Amino acid sequence: MRTDQAIVAALKSNGDYPAVLPRLLALADVEGIIRPGESVLIKPNLHTVADWRTSSVVNLALVAALIDWCRAQGAGEILVADGPFYGLAQPERIFTETGMAQAVEGKGARWAVMNRGGWRTFRDASPDLPPTIRLSELVFTHDRLISVTLAKTHIDCLATLGMKNLKGCLHPEDKRAFHQEVDLNRALVALNRLIRPDLTIVDGTLGMEGMGPHAGTVAHWGYIFAGREAAAVDAVVAPGMGMEVEEVRTLRYAVEAGMVDPTGIEVRGEKPSAFRRRFERPYEAMLRRLPGVRLSMQGACSACKLYLIRALCEEASAGVLPPDRCLVIGKTVAEDEDALVLGKCAGATNPGRPHLPGCPPRLDRLKAYLKEQGPARPDSRAPCTGAI
Ligand code: SF4
């Protein structure tokens, strides 16, 4: 064994986290990272109001078992905190309406939304970041940081794993800037230089495939992963999901930046050949579930994509065909004369065209607007600019 190898532990998981987690973390060689009395910030992926059974957010029982593990390690104060996606009103709902508040309080720990904890400003921290970003002060006022997330596909990054989980620590306005002002994947790499968790856990007991990170389907994978280095954990999990490291741009840039050497990782527990399972890619799912739909989404942030794709999928499930027109969100100049322009950004990029306002446009208004523009017309099926 090389002494400079990163260690990533992988185990089968049936969701019995009180039994699996201590074994996983012993294999990952992270016992001892918390010294007696140290404060711990647990950052779960809890970006929206959703039931954990949908695989959109992290499993409540995993966070509860993690609190127990931290306490067994001698932790003092334990705080569980995250921030929702840009545009969610009443951000506390990600705790109170998901059951996470109850799960955390049941273990005698505290919870908070990062939106309320104050911000630390970084100026010109990296050419890959917006000139100014604000990160939750909570990240810097605790002795240890543990990042815990799920294995999901992502319409921008292909996969959202440990490195991407840290985006939840950004000020809401800066989350939007990550999608619009910079290359999202390069910005995530730079963010992972500013925030270095002591431990990263990626849960694939129930993962998400297809149109992740919000509108995908549950992938019953049954494995869980952990390690000290987020990039190393991701470099094991992504190939496990059937993705090459070069395909996942966040990982590719992390390799180029020298943050991880995929050939220098010691995988403990299960062998990679045992846990390899191909996750359906977002665009594959989109084409299957939304035949004929044409989207142009360059420069759009997750909120617009989430609402538009959800609206299309929910309408398709109800038997309503999408309009046979290019649907434009974000910063693309619509070339088709009859393209449908949706949201504030697309409206500003395409002045003079009618557009549906909103930032993002509300789900119910999107559905109504799309319905107004239907039914599908069979005479125009050419792909539109920037379409996926
Ligand atoms: S209009 Fe859409 S893409 Fe633009 S900032 Fe709002 S949510 Fe993001």
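FYI, it's all coordinate maths here, none of it is from the lab. Not measured: the values here are computed from a predicted model. Don't worry about glycine lacking a Cβ; one is built from the backbone with ideal geometry, like all the others, and counts go over all protein chains shown.
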**Request:** Return a whole-number percent for the relative contact order of the chain, with Cα pairs under 8 Å and 6 or more residues apart as the contact set.
**Result:** 16
**Asked** If you stretched the chain out fully between T141 and R23, how much longer would it get, using 0.36 nm times the residue separation minus the C-alpha to C-alpha distance?
**Response** 39.6 nm
**Request:** Determine the dipole magnitude for the chain: charges of +1 sit on the beta-carbon of Lys and Arg, -1 on that of Asp and Glu, nothing else is charged, the reference point is the Cα centre, and the result goes in debye to the nearest 20.
**Result:** 380
**Complete:** Listed with the fewest Cβ neighbours within 10 Å leading, R134, R123, R294 appear as R123, R134, R294
**Acute angle (nearest 10 degrees) that the helix 184-194 long axis makes with the longest principal axis of the chain, alpha-carbon atoms** = 30
**Complete:** Subtracting the Cα-Cα distance of T132 and E266 from 0.36 nm times their residue separation yields 44.6 nm
**Complete:** Which of K107/K175; K152/K305; K152/K344 exceed 21 Å between C-alpha atoms? The answer is K107/K175; K152/K344
**Fill in**
Net charge (Lys, Arg +1; Asp, Glu -1) of residues whose beta-carbon lies under 15 Å from that of R249, R249 excluded, is -3
**Item:** Top of T54, T149, T96 by mean-square fluctuation, Gaussian network on the chain, Cα under 10 Å
**Value:** T96
**Fill in**
Footprinting proxy, I265, I155: sorted fewest to most Cβ within 10 Å, the residues are I265, I155
**Fill in**
When F85, F140 are arranged by how many other beta-carbons sit within 10 Å of their Cβ, fewest first, they go F140, F85
**Request:** Please build a GNM for the chain, connecting alpha carbons under 10 Å apart, and tell me which residue among P18, P84, P127 fluctuates the most.
**Result:** P127
**Prompt:** So, counting K/R as plus one and D/E as minus one, what does the shell of residues with Cβ under 12 Å around A300 add up to?
**Reply:** +3
**Message:** Can you tell me the orientation of helix 17-27 relative to the chain, as the angle in degrees between its alpha-carbon axis and the longest Cα principal axis, to the nearest 10?
**Reply:** 70
**Asked** Which percent of Cα pairs goes in each bin when the distances of the chain are cut into 20 angstrom slices starting at zero?
**Response** 29, 57, 14, 0
**Request:** Positive end of the charge dipole of the chain (Lys, Arg +1 and Asp, Glu -1 on Cβ, about the Cα centre): tell me which of L194, T217, G32 has its Cα farthest that way.
**Result:** T217
**Prompt:** With Cβ to Cβ distances under 12 Å as the rule, what net charge do the other residues near K167 carry (K, R +1; D, E -1)?
**Reply:** +1
**Item:** Full-extension gain in nm, R310 to R252, via 0.36 nm per residue minus C-alpha separation
**Value:** 18.0 nm
**Fill in**
Largest fluctuation, A348, A89, A81 only, Gaussian network model of the chain with Cα springs under 10 angstrom, belongs to A89
**Fill in**
Rounded to the nearest 10, the angle in degrees between the Cα long axis of helix 363-373 and the longest principal axis of the Cα atoms of the chain comes to 30
**Message:** Ignoring everything except DSSP H segments at least 4 long, calculate the 222 nm mean residue ellipticity for the chain; use -39,500 (n - 2.57) per segment, divide by total residues, nearest 500.
**Reply:** -9000 deg cm²/dmol
**Prompt:** Please identify the GluC sites (Glu not before Pro) of region 284-347 that satisfy two criteria: DSSP loop assignment and at most 10 other Cβ atoms within 10 Å. Which are they?
**Reply:** E337
